[in-house]
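Visitor: First the structure, which I've put down as structure tokens, then a few questions once you've had a look.
The values are calculated or read from the model by the stated rules, or taken from the named source; none is laboratory data. Bear in mind the structure is a predicted one, so any value in this text is a computation, not a measurement. Using ideal geometry, Cβ is built from the backbone for each residue, glycine included, and neighbour counts are taken over all protein chains shown.
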Amino acid sequence: MATNYNFTLPTVGGSANTWGASLNANWTLLTDILDGSHATLVVNIDNYTADGLTITNNNASTDPTTITCETITFQGAVAEKVHGLGTSSTQTVDPDNGTIQTIAMTGSVTIASNLSSGEFATLRITSVGTDSVTWPSMQWIGGSAPTLDASATNWVHLWNVGGQLYGSFIGVSS
């Protein structure tokens, strides 16, 4: 597997007065690589695909750098984004807004889904009271849609596999 160390290559005839700076930066980078002080490559990511483990850093360049790797290591926490949906009427679960979504009901709610195959979301539904939740066409683990607790916090997982939406009632918390 070829490795790209991102050395700066001066343009012949077009990099007058910058060759020295470019070469010095390259030698410094090479020294860091060889002595181990440049052990981690940090890339500002414009887009990524986790399933193919391909990272593309467009970096406003006409020649994007693509890195393919076998392992991605995260240092520190990976935080899920929490998104508050509305409180009544039709609410669309869209993982682009966050993979944890909340509904504090003030009226009946109809759930719609924008989950594509391979996507997953967790719903927290509170303040159900006497209101109802209408679910999209889906298959439920256990065979049927849950009966939500009127006064507790209800937790539901939704996911899509091959265009089929699935759901599982996790339970309640107080």
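Visitor: Report, by residue number, each residue of region 122-164 that is surrounded by 17 or more Cβ atoms within 10 Å (Cβ to Cβ) and over 19 Å from Gly84 (Cα atoms).
Guide: Once the filter is applied, which keeps residues that are surrounded by 17 or more Cβ atoms within 10 Å (Cβ to Cβ) and over 19 Å from Gly84 (Cα atoms), region 122-164 yields Pro146, Asn160.
Visitor: Just one of (1) out of contact with any Leu (no Cβ under 6 Å at 6 or more places or on another chain); (2) at pLDDT 95 or above trips up Ile72, so point out which.
Guide: Of the numbered conditions (1) out of contact with any Leu (no Cβ under 6 Å at 6 or more places or on another chain); (2) at pLDDT 95 or above, the odd one out for Ile72 is (2).
Visitor: When you go through (1) modelled with pLDDT under 95; (2) surrounded by 13 or more Cβ atoms within 10 Å (Cβ to Cβ) one by one for Val78, which number turns out not to apply?
Guide: (2)
Visitor: I'd like to check something: does region 83-94 contain any residue that is more than 26 Å from the chain's Cα centre (by Cα) and modelled with pLDDT of 70 or more?
Guide: Here is the first cut: in region 83-94, the ones more than 26 Å from the chain's Cα centre (by Cα) are 88-89.
Those left that are additionally modelled with pLDDT of 70 or more: 88-89.
Checked against the condition, which is being more than 26 Å from the chain's Cα centre (by Cα) and modelled with pLDDT of 70 or more, region 83-94 yields at least one hit.
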